[in-house]
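For reference, the structure discussed in these notes is given below.
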Amino acid sequence: MAPPPPPPPPPPPPPMCFPFANRSRTREASPLIVRTDSEKSYASSQRSEQRSNHSSQSVHSYRGSQKSDNLSNNSNRSKRSHHSTGSQNKLVRSGSYSPTKTLASDAEKLSFDSDSEAYDVPALPNNQSRSKFSEYSRNESKSVLTRVDSKKSSKWGYGWGLGKLKEREREMLERSPSVDSERPPLYKSPTRTSSRSSESKRPPFYSNDSSSTLVGSAYERKINDVELIKEKIDTADRLEDIRNVVPSEDAHQSEYVAASDKRREWISGFTGSAGQAIVSKTAAYLITDSRYWLQARTELDSNWHLIPAGAVDGPKDWIDWLVDRAKDANIGIDARMISHDKAASLNSQLKNKSSRLIYPPQNYIDLAWKEKPQRSKEPVFIQSLEFTGREASTKIAEVRAWIRAQPASVPSYSKAAPTAAQIHIGTLITSLSSIGKSHFHRYPLRCLQISPLAWVLNLRGSDIPFNPLFCAYLFISLDRVVLFLDAAKLTDEVEDHLRTLNIERKEYNDIWAFLRRRDWGEGKVLISPETSYAISLMLTHFRYTVAPSFIDSIKAIKNEVELEGLRRAYLRDGAAYVRWLAWLEHKIQQGYDITEYEAAWRLTEYRRQNKHYWGLAYENISASGPNAALPHYSPTKSGARMIDRDTPYLNDSGGQYRDGTCDTTRTVHFGRPSPDQSEAYTRVLQGHIAIDSAIFPEGTSGSQLDVLARRALWKDGLNYMHGTGHGFGSFLNVHEGPHGFSSSVPLVPGHVITNEPGFYLEGRWGMRIESALAIRRVKTKGEFNGDVWLGFERLTCVPIQTRMVKESMLTKEEKQWLKDHNKKCLERLEPFLKDDKRALKWLKREADRGIGIAAAGPGGFTIDWD
């Protein structure tokens with residue numbers, strides 16, 4: 001007689017949610033193992049039967065965890081393992097779940113594990129180890145999941161096999177530093193009993209961990225994003241021979257700098273994007289603004305004194321601080337790292353203190369920095385006419401026409417005809433990012449920048465983080481064009497491009513010999529105020545004239561091809577944003593804990609799927625709770641806070657696409673907003689609507705419209721201390737000038753600008769709404785003075801959440817604007833979301849949803865009908 005069939009497996013446990021209790025949401029780095037920042041996984045009993053129907057498509061992640069009793073034994077570090085049969089390696093646990101079930105076959109395709117996996121691990125008595133454990137392994141030939149038992153391993157864990165483990169991932173885990181501290185206590189998972197298993201229970205989770213669910217290339221990108229433990233650097237030896245000013249900028253006055261140009265970071269240990277180091281004979285000082293005070297206190301060692309710029313009774317900036325203390329002093333600075341106008345202003349102020357700037361022939365930091373990274377050799381590539389709308393030859397011709405139109409540099413008292421030496425014969429473009437005069441909240445003490453060199457030549461590169469730029473100089477005269485660019489960065493295609501334009505190429509460092517020999521002959525060179533002061537010194541004041549950058553002005557006015565590219569880019573970027581918002585809300589409502597870092601990472605992965613995606617336009621701002629009150633906050637793996645349901649969550653991010661640069665901010669709430677949150681958010685929204693709806697005549701500047709964004713906030717005594725908006729590029733910088741809502745430059749058709757009022761309650765929460773706008777002509781009823789009236793076209797296509805809006809504060813027109821915007825988002829994005837039912841459902845709900853939420857009933861009882 002055949003043996004009776006084995007009993008059926010026990011049912012899966014019920015879904016487990018992490019309650020939103022009054023505990024800290026800040027994610028702490030595990031000291032003993034390397035763990036990724038994804039959501040916590042759990043098995044969904046509702047979808048357990050679906051797994052068998054799709055098992056051939058599922059890829060399951062497996063990682064276990066162990067606690068070491070010997071902290072000094074390096075062999076006890078956590079390691080990843082594939083198919084743990086016979087393995088003695090430590091295992092790092094990573095659960096798996098996902099809104100979709102896909103196998104990552106495309107190197108650039110985002111895919112997740114299935115969240116329908118159910119598993120049941122029998123409980124063990126105390127102090128008893130498991131001699132064997134089971135895992136699923138993929139049977140490649142049959143495309144099914146088969147079961148194997150491990151009898152050799154004395155370690156045990158649970159999860160699903162991810163696939164072949166890459167050697168580099170193993171090496172990264174082995175190299176992870178050990179710290180002499182205990183691992184945080186395990187989260188006690190609820191147990192489930194049934195008629196089939198009375199001891200079944202879920203695997204334990206760490207309450208501050210989110211286990212990874214990415215697979216394929218998305219998983220590789222994440223696991224390779226290793227965050228090293230930051231330690232304070234002892235800078236005593238570095239400071240030994242340094243006595244000068246060390247700015248944050250590079251030789252091109254860039255907003256972002258390459259690793260090889262992070263001199264201030266190397267000398268001080270401070271990694272913030274803005275700040276100046278000043279080292280005297282007896283002390284070292286770091287001057288930075290309020291965005292970085294806390295970070296600087298954490299990163300600076302005892303050799304440094306922090307000077308809080310902008311503080312009450314404090315200096316305005318580093319120049320203010322330096323001038324106030326200088327007396328009979330020689331102050332050294334690399335002339336390449338300071339602009340002409342800034343150096344000229346500082347010198348005139350120091351002269352009154354019997355002091356002056358001096359310029360060492362070599363950069364002392366470069367001499368002392370033994371492990372300084374090499375300058376980037378990434379190849380330059382062509383930005384085709386499909387995206388630019390104008391040939392490089394026509395741009396060069398326009399620059400030459402401007403040069404010819406400039407009057408000769410003749411003294412006002414002279415009656416004689418200009419000499420050859422007084423006539424302007426060319427211009428020198430030294431900045432990768434020429435500087436405008438607007439300012440923005442992410443860089444309140446620095447100017448915004450654009451990219452004339454790359455724009456003129458229809459070329460792009462990869463030398464600068466977040467910006468498709470390359471290190472070079474460009475000289476344009478009436479009869480020649482010279483590009484100073486390293487040969488290693490050229491491709492055959494680019495060489496042909498330069499040859500077609502009749503452009504000479506010289507090595508990057510040949511610029512200094514070119515200036516010293518006056519290779520252009522007689523005549524003066526036009527330079528912008530932001531040109532490196534080293535250029536001014538090399539030319540001497542007899543051979544240059546300072547003039548506002550003409551290229552800045554013409555580049556800021558987008559042609560129709562560029563505008564159409566931006567429209568397409570914002571649609572694709574908006575679709576990715578909506579997919580991500582739907583995913584984030586779904587998981588948080590299920591009870592998952594999601595970190596700020598994980599949320600930002602997931603949004604980047606959704607963007608990565610888009611056509612023409614190149615990278616991020618700037619570092620993700622993903623902030624919840626008090627972090628959202630810091631306009632510049634960007635999360636890290638180890639320090640990210642959990643997104644909570646009590647405060648607004650703010651995400652400010654954007655993608656770089658070949659046809660446009662995107663910048664979008666939305667603030668959402670996943671619970672019931674408090675009255676003060678709703679009122680502040682409504683005022684921010686009213687300011688956003690006021691700018692978006694503005695009609696104004698030609699000649700109006702952004703600074704004249706700025707009050708519209710603040711008027712509603714001012715009614716309640718609220719305000720924000722950053723600019724209302726800035727220009728942005730067409731696959732260039734996310735910050736462009738010269739126009740902006742803090743600029744006196746008149747807005748004209750073709751300008752693009754962001755609209756982003758906000759409010760920040762220090763230490764508690766913050767909010768901002770940002771959309772991109774294009775200036776266009778509009779028809780008005782009166783048409784006073786003719787066709788001179790301008791308005792805005794909204795490029796951003798992401799719904800604005802109505803949950804935090806207080807309907808009674810809105811006018812009839814404002815309510816209609818909000819409803820129309822969300823419905824327009826549905827109409828325009830629906831074709832992009834046909835394959836994502838969850839995102840489409842979320843988008844339709846947002847378009848149809850009313851304004852605000854129902855008030856609490858008797859006893860505080862509430863129901864949210866989502």
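The values are calculated or read from the model by the stated rules, or taken from the named source; none is laboratory data. It should be emphasised that the depicted structure is a prediction, and the values quoted were computed from it without experimental measurement. Note that each Cβ is placed from the backbone with ideal geometry, even for glycine, and that neighbours are counted across all protein chains shown. Note: areas computed on protein heavy atoms with side chains; ligands, DNA, RNA excluded. Shrake-Rupley method; radii C 1.70, N 1.55, O 1.52, S 1.80 Å.
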All positions within segment 645-665 that are under 21 Å from LEU761 (Cβ atoms), of a type in the set (D, E, K, R) and open to solvent by 10 Å² or more (accessible area, probe 1.4 Å): ARG645, ASP646
Pull up segment 752-764, narrow it to residues that are open to solvent by 10 Å² or more (accessible area, probe 1.4 Å) and in contact with a strand residue (DSSP E or B) (Cβ under 8 Å, 6 or more places away or on another chain), then point me to the one that is nearest to ALA690 (Cα to Cα). PHE759
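Just a yes or no: is a residue in segment 336-353 within 25 Å of the chain's Cα centre (by Cα) and modelled with pLDDT of 90 or more?
yes
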Can we say TYR618 is open to solvent by less than 10 Å² (accessible area, probe 1.4 Å), within 30 Å of LEU457 (Cβ to Cβ) and under 17 Å from the mean Cα position of the chain (by Cα)? yes
Would you be able to say whether some residue in segment 495-511 is surrounded by 20 or more Cβ atoms within 10 Å (Cβ to Cβ), of a type in the set (D, E, K, R) and modelled with pLDDT of 95 or more? no
Where a residue in segment 752-763 is assigned by the TED database to the domain that holds ASN627 and within 15 Å of ALA629 (Cα to Cα) and its partner, wherever it lies, is part of a strand (DSSP E or B) and of a type in the set (A, V, I, L, M), with Cβ under 7 Å and at least six apart: GLY758/MET767; PHE759/MET767
Scan (1) in contact with a helix residue (DSSP H, G or I) (Cβ under 8 Å, 6 or more places away or on another chain); (2) modelled with pLDDT under 95; (3) closer than 21 Å to PRO452 by Cα for the single condition VAL482 breaks and write down its number. (2)
Where in segment 763-866 are there strands (runs of 3 or more DSSP E), lying fully within it, with 3 or more residues that are at pLDDT 95 or above and of a type in the set (A, V, I, L, M)? 771-777
So, in segment 675-721, of the ones that are out of contact with any helix residue (DSSP H, G or I) (no Cβ under 9 Å at 6 or more places or on another chain) and surrounded by 21 or more Cβ atoms within 10 Å (Cβ to Cβ), which residue ends up nearest to LEU818 (Cα to Cα)? TYR681
Does segment 588-601 contain at least one residue that is surrounded by 24 or more Cβ atoms within 10 Å (Cβ to Cβ) and in a strand (DSSP E or B)? yes
Please work out if LEU790 is assigned by the TED database to the domain that holds SER653, touching a residue at least 60 places away in the same chain (Cβ under 8 Å), surrounded by 13 or more Cβ atoms within 10 Å (Cβ to Cβ) and in contact with a helix residue (DSSP H, G or I) (Cβ under 6 Å, 6 or more places away or on another chain). no
Any residue in segment 379-408 that's touching a residue at least 40 places away in the same chain (Cβ under 8 Å): show its pairings with residues that are among the basic types (Lys, Arg) and open to solvent by 40 Å² or more (accessible area, probe 1.4 Å) at Cβ separation under 6 Å, as long as the two are six or more apart or on different chains. PHE387/ARG658
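Got at least one residue in segment 714-725 being more than 28 Å from the chain's Cα centre (by Cα), free of Cβ contacts under 8 Å to residues at least 60 places away in the same chain and closer than 24 Å to GLY782 by Cβ? Talk me through it step by step, then tell me what you get.
To start, the set of residues in segment 714-725 that are more than 28 Å from the chain's Cα centre (by Cα) comprises 714-717.
Still in the list and also free of Cβ contacts under 8 Å to residues at least 60 places away in the same chain: 714-717.
Those left that are additionally closer than 24 Å to GLY782 by Cβ: none.
Among the residues of segment 714-725, not one is more than 28 Å from the chain's Cα centre (by Cα), free of Cβ contacts under 8 Å to residues at least 60 places away in the same chain and closer than 24 Å to GLY782 by Cβ, which makes the answer no.
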Residue pairs meeting the criteria (Cβ under 7 Å; at least 6 apart or on separate chains; first modelled with pLDDT of 90 or more, in segment 624-639; second assigned to a helix (DSSP H, G or I) and open to solvent by less than 30 Å² (accessible area, probe 1.4 Å)): SER624/GLU596; ASN627/GLU596; PRO635/GLU596; PRO635/TYR597; PRO635/ALA600
Test of understanding: among ILE429, ILE365, which residue is more than 30 Å from PHE728 (Cα to Cα), in contact (Cβ under 8 Å) with a residue 40 or more places away in the chain and surrounded by 19 or more Cβ atoms within 10 Å (Cβ to Cβ)? ILE365
Given the conditions (1) hydrophobic (A, V, I, L, M, F, W, C); (2) in the same structural domain as PHE470 (by the TED database); (3) modelled with pLDDT under 95, report the number of the one that VAL312 does not fulfil. (2)
Which condition number in (1) surrounded by fewer than 24 Cβ atoms within 10 Å (Cβ to Cβ); (2) in contact with a Lys or Arg (Cβ under 7 Å, 6 or more places away or on another chain); (3) among the aliphatic types (A, V, I, L, M); (4) under 18 Å from ALA709 (Cβ atoms) is the one that LEU826 fails? (4)
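Among the residues of segment 796-817, is any in the same structural domain as GLU619 (by the TED database), in contact with a Pro (Cβ under 6 Å, 6 or more places away or on another chain) and either under 30 Å from TYR613 (Cβ atoms) or open to solvent by 40 Å² or more (accessible area, probe 1.4 Å) (or both)?
Taking every residue of segment 796-817 in turn, none turns out to be in the same structural domain as GLU619 (by the TED database), in contact with a Pro (Cβ under 6 Å, 6 or more places away or on another chain) and either under 30 Å from TYR613 (Cβ atoms) or open to solvent by 40 Å² or more (accessible area, probe 1.4 Å) (or both).
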Please work out if ASN347 is over 29 Å from SER290 (Cα atoms) and in the same structural domain as ILE287 (by the TED database). no
Filtering segment 628-638 for residues that are surrounded by fewer than 24 Cβ atoms within 10 Å (Cβ to Cβ) and assigned to a helix (DSSP H, G or I) leaves a count of 1
Among (1) out of contact with any Ser or Thr (no Cβ under 7 Å at 6 or more places or on another chain); (2) open to solvent by less than 30 Å² (accessible area, probe 1.4 Å); (3) without any contact (Cβ under 8 Å) to a residue 60 or more places away in the chain, the one test that ALA326 misses: (1)
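Going by the structure shown, is LEU515 aliphatic (A, V, I, L, M), open to solvent by less than 60 Å² (accessible area, probe 1.4 Å) and assigned to a helix (DSSP H, G or I)?
It is true that LEU515 is aliphatic (A, V, I, L, M), open to solvent by less than 60 Å² (accessible area, probe 1.4 Å) and assigned to a helix (DSSP H, G or I).
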Within segment 256-309, can you find the residues that are over 25 Å from the mean Cα position of the chain (by Cα), in contact (Cβ under 8 Å) with a residue 24 or more places away in the chain and part of a loop (DSSP other than H, G, I, E, B)? SER280, LYS281, ASP301, ASN303
